[in-house]
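In what follows, a single structure is set out as structure tokens and then discussed.
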Amino acid sequence: MQRFRRLRRDSRIRALMQETRLCAKDFLYPVFVIEGEDIKNPVESMPGVYQYSIDRLGELMETVEKSGISGVLLFGIPKQKDPQGSQAYAENGVTQRAVRFIRQHYPSLYVAVDICLCEYTSHGHCGLVCNGEIQNDETLPLLAKMAVSLAKAGADMVAPSDMMDGRVGAIRKALDEAGFSQVPIMAYSAKFASAYYGPFREAAHSAPGFGDRKSYQMDFANGQEALREIAADIEEGADIVMVKPALAYLDVLKEAALEFSMPFAVYNVSGEYAMVKAAAQNGWIDERKIVAENLTAMKRAGAKIIITYHALDMAAWLKEEEQG
Ligand code: PBG
Ligand code: ZN
């Protein structure tokens, strides 16, 4: 008789059989940097997550460095917003200053920066708005300018999340022309219009002032279209492609990872984090076990990089397990 249970008999053989193993180096930790002084604001819907001003950022970066994870994904929140999102590409914008600060004081951390206008625009959309419509081609030079200005500030990698068509090509060209041919692009390629971004928009002050993002982010019903988006971004020069959110889209990730021989990232987004935290705080689930199960599923489905708000906790738990 086939006895699968022979290989599950005790923890030693189970460890030998384990196909997917999480490692702290798999993780990037999203960080919110807000303009101002002496700020450490808790994000209500994301327990354990804070907005930091640059003068307080050191305390967090020290923890990140000690955790052994690979690095951070930065989001900046400027004081001043305008229709063009000019703080996104200002030489002394909050995000540019944050990048310089981290590069200077924590050089071992890999610094990826989110490229999008929504945190910087007064209307909260990811592109320029004209007559109530989000403009595609007019937005591209601004995204390219933002990417170049952050590369100049010292960003290791840029991660466009806006979902304008052609942005990866525009950013690649601008980076190359500015002498940053070594800076990779991690494209949010299959980014779905999702209710799971709710808590993030509170954290990043980036909720759209009117309408929604459905004219640029993908319909969550569409898996085939996701493959076309990914193919287009690869064609335009993306180095890493992303599926976002994670848990409800692991089918998309798996199919794409089988189809394209590319490094994949997955973004375990704010709403996914909030749900786990809420249930854990109520004592309804075991947080540590649930997080390990969720993140392992993402890696099993094909993710090379996992962007998650659980990164620091998970890294600490992995360390504990290692030490037995
Ligand atoms: C900005 C951006 C968003 C997220 C990452 N970059 C929000 C959005 O598109 O509305 C979501 C991240 C999260 O929910 O954790 N375009
Ligand atoms: Zn955006």
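The values are calculated or read from the model by the stated rules, or taken from the named source; none is laboratory data. Predicted, not measured: the structure shown is a model, and the values here were computed from it. Reconstructed Cβ throughout: ideal geometry from the backbone, glycine too, with neighbour counts over all protein chains shown.
Of the candidates Ala159, Ala155, the single residue that is closer than 17 Å to Ile234 by Cα and either touching a residue at least 40 places away in the same chain (Cβ under 8 Å) or within 8 Å of ligand 1 (Cβ to nearest atom) (or both) is Ala159. Contact map, the stretch 113-130: residues that are more than 14 Å from Tyr89 (Cβ to Cβ) and more than 11 Å from ligand 1 (Cβ to nearest atom) paired with residues that are of a type outside the set (S, T, N, Q) and not in a loop (DSSP other than H, G, I, E, B), Cβ distance under 6 Å, separation 6+ or inter-chain. Pairs shown: Ser122/Asp82; His123/Val129.
Report the residue count in the stretch 170-200 for those that are within 13 Å of ligand 2 (Cβ to nearest atom) and either touching a Ser or Thr at 6+ places or on another chain (Cβ under 8 Å) or farther than 27 Å from Gly132 by Cβ (or both). Spell out how you get there, then give the answer.
First, the residues of the stretch 170-200 that are within 13 Å of ligand 2 (Cβ to nearest atom): 188, 191, 193-194, 197, 200.
After this cut, where a residue has to be either touching a Ser or Thr at 6+ places or on another chain (Cβ under 8 Å) or farther than 27 Å from Gly132 by Cβ (or both) as well, the list is 188, 191, 197, 200.
So the count comes out to 4.
Among Arg56, Arg100, which is closer than 30 Å to Ala316 by Cβ, within 20 Å of the chain's Cα centre (by Cα) and among the basic types (Lys, Arg)? Walk me through it before giving the result.
Numbers: Arg56 fails: within 20 Å of the chain's Cα centre (by Cα).
The conditions single out Arg100.
The residue of the stretch 154-169 that is farthest from ligand 2 (Cβ to nearest atom), among those that are outside any strand (DSSP E or B) and not hydrophobic (A, V, I, L, M, F, W, C), is Gly154.
Return a yes/no flag: does the stretch 128-139 have any residue that is over 27 Å from Asp176 (Cβ atoms) and in contact with a Gly (Cβ under 8 Å, 6 or more places away or on another chain). Give the steps one after another, and end with the answer.
The first filter runs over the stretch 128-139 and keeps only residues over 27 Å from Asp176 (Cβ atoms), leaving 129-133.
Now restrict to residues that are in contact with a Gly (Cβ under 8 Å, 6 or more places away or on another chain): 132.
Taking every residue of the stretch 128-139 in turn, at least one turns out to be over 27 Å from Asp176 (Cβ atoms) and in contact with a Gly (Cβ under 8 Å, 6 or more places away or on another chain).
Only one entry of Asn282, Asn268, Asn222, Asn294 meets the criterion of being closer than 24 Å to Ile134 by Cα, polar (S, T, N, Q) and away from ligand 2 (no atom under 16 Å from the Cβ), and that entry is Asn222. Does Asp251 count as surrounded by fewer than 22 Cβ atoms within 10 Å (Cβ to Cβ) and either under 23 Å from Cys126 (Cα atoms) or at pLDDT below 95 (or both)? For Asp251, the condition - surrounded by fewer than 22 Cβ atoms within 10 Å (Cβ to Cβ) and either under 23 Å from Cys126 (Cα atoms) or at pLDDT below 95 (or both) - is not met. Residues that are away from ligand 1 (no atom under 13 Å from the Cβ), farther than 18 Å from Val49 by Cα and touching a helix residue (DSSP H, G or I) at 6+ places or on another chain (Cβ under 7 Å) within the stretch 266-291 comprise Ile285, Ile290, listed in sequence order. With the structure loaded, tell me whether Ala151 is in contact with a strand residue (DSSP E or B) (Cβ under 6 Å, 6 or more places away or on another chain) and more than 11 Å from ligand 2 (Cβ to nearest atom) or whether it fails that test. The answer is no for Ala151.
Selection of the stretch 213-233 for residues being within 14 Å of ligand 1 (Cβ to nearest atom), surrounded by 12 or more Cβ atoms within 10 Å (Cβ to Cβ) and charged (D, E, K, R) yields only Arg213.
Among the residues examined, Ala174 qualifies as small (Gly, Ala, Ser) and either buried (at least 22 other Cβ atoms within 10 Å of the Cβ) or part of a helix (DSSP H, G or I) (or both).
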